[in-house]
Amino acid sequence: MAQIIDGKKISSDVKMMVAKEAKALTQKGINICLAVVIVGDDPASRVYVNSKKKACELVGFESREFALDKNTTEQELLNLVDKLNADDTVNGILVQLPLPKQIDENKIIERISPLKDVDAFHASNVGKIMIGDYNFLPCTPSGCMDLIKSTGVKITGKNAVVVGRSNIVGKPMAMLLLHESATVTICHSKTKDLAKACKEADILVAAVGVPKLIKGDMIKEGAVVIDVGMNRLEDGKLCGDVDFESAKEVAGYITPVPGGVGPMTIATLMRNTLTAAKIQNGITE
Ligand code: GUN
């Protein structure tokens with residue numbers, strides 16, 4: 001029976017640490033501000049944005065929301081990004097994805113100043129992660145690493161399997177595991193025998209967006225299983241990419257959904273925003 005990895009508790013510790021540092025900066029006259037941009041009325045995006053604003057309040061940051069109409073043009077959004085880049089009172093810029101069809105996401109991401117790119121989505125930040133010399137780590141993979149490390153299981157030399165190859169999660173996740181000297185396999189929709197690959201994993205990260213894809217019989221005895229999935233079922237309930245009920249019988253450690261990776265993503269965003277503010281104010285420690 002697996003031990004449950006408590007993402008709520010671990011994320012709360014991270015946020016407390018951020019709040020403490022933010023308070024010390026405020027006492028020096030440095031206020032931290034995250035600009036949160038949402039375009040359109042996607043209900044899931046609204047939930048995420050509200051959680052991010054709430055976390056800002058908790059750690060003592062200002063959050064400034066820019067809620068734009070779903071028909072906003074690419075140029076209008078680029079203009080807003082330019083304005084936020086130039087605004088010295090804004091430390092971090094988060095443009096919630098996905099964006100409506102008429103807007104090229106890449107163009108927007110590339111316009112955000114890399115020093116304010118608290119998602120670490122800009123090509124220059126992605127490149128820095130590749131070479132292992134970075135200011136910001138992408139929020140979800142970084143949160144997953146914290147959860148893996150919380151188990152005390154050594155990563156060096158282990159087989160790590162990442163299911164999913166998105167730019168936001170799968171690819172950077174694989175890179176962070178590689179930096180920790182895991183032997184990393186990336187699986188995706190064209191992988192021939194997913195079950196066989198997963199069964200080799202000492203550390204398994206599922207980030208594909210397919211409800212309950214990973215069953216207990218695909219998991220190695222004692223593995224660390226990290227479930228990034230956030231799938232909304234027809235009955236309104238949230239479920240992960242891992243079939244929790246069967247997986248928990250086999251895994252050594254497992255994250256629940258909700259209460260696993262989700263809260264860590266937001267805590268890492270707070271940590272990145274703090275880092276951005278420190279860099280912009282010339283604070284190096
Ligand atoms: N949409 C889903 N996840 C994310 C994220 O981590 N950052 C942003 N900006 N949008 C998202």
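To keep it simple, each residue is scored yes or no on (1) touching a helix residue (DSSP H, G or I) at 6+ places or on another chain (Cβ under 9 Å); (2) among the β-branched types (Val, Ile, Thr); (3) crowded, with 18+ Cβ neighbours inside 10 Å; (4) in contact (Cβ under 8 Å) with a residue 40 or more places away in the chain.
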| site | (1), (2), (3), (4) |
| --- | --- |
| Ile168 | yes, yes, yes, yes |
| Pro172 | yes, no, yes, yes |
| Leu177 | yes, no, yes, no |
| Ser181 | no, no, no, no |
| Val184 | yes, yes, yes, no |
| Lys190 | no, no, no, no |
| Ala195 | yes, no, no, no |
| Cys198 | yes, no, yes, no |
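Just to be sure, is Gly216 under 30 Å from Phe61 (Cβ atoms) and either out of contact with any Cys (no Cβ under 7 Å at 6 or more places or on another chain) or at pLDDT 95 or above (or both)?
Here the answer is no, as Gly216 does not meet what is asked.
So Gly236 ticks every box in (1) touching a Cys at 6+ places or on another chain (Cβ under 6 Å); (2) assigned to a loop (DSSP other than H, G, I, E, B) but one. Which box is left unticked?
(1)
In the list Lys83, Lys53, which residue meets the criterion of being closer than 20 Å to Gly262 by Cα and out of contact with any Lys or Arg (no Cβ under 8 Å at 6 or more places or on another chain)?
Lys53
Name the single residue that is farthest from Phe136 (Cα to Cα) among those in segment 244-264 being buried (at least 24 other Cβ atoms within 10 Å of the Cβ) and β-branched (Val, Ile, Thr).
Ile254
Here are some residues: Arg232, Arg271. Which one is at pLDDT below 95, in contact with a helix residue (DSSP H, G or I) (Cβ under 9 Å, 6 or more places away or on another chain), closer than 30 Å to Glu57 by Cβ and not polar (S, T, N, Q)?
Arg232
Can you list the strands (runs of 3 or more DSSP E) found entirely within segment 56-174 that contain at least 3 residues being over 30 Å from Gln3 (Cα atoms), within 16 Å of the ligand (Cβ to nearest atom) and not β-branched (Val, Ile, Thr)? Full working, then the answer.
Details: elements: 62-68, 92-95, 159-163.
So the answer is 62-68.
Please enumerate the residues belonging to segment 175-184 that are in contact with a strand residue (DSSP E or B) (Cβ under 6 Å, 6 or more places away or on another chain) and either farther than 17 Å from Glu200 by Cβ or part of a loop (DSSP other than H, G, I, E, B) (or both).
Within segment 175-184, Ala182 is the sole residue that qualifies.
The values are calculated or read from the model by the stated rules, or taken from the named source; none is laboratory data. Just so it is clear, the structure is predicted and the values come from calculations on it, not from any experiment. When we count neighbours, we look across all protein chains shown, and the Cβ atoms used for this are built from the backbone with ideal geometry, even at glycine.
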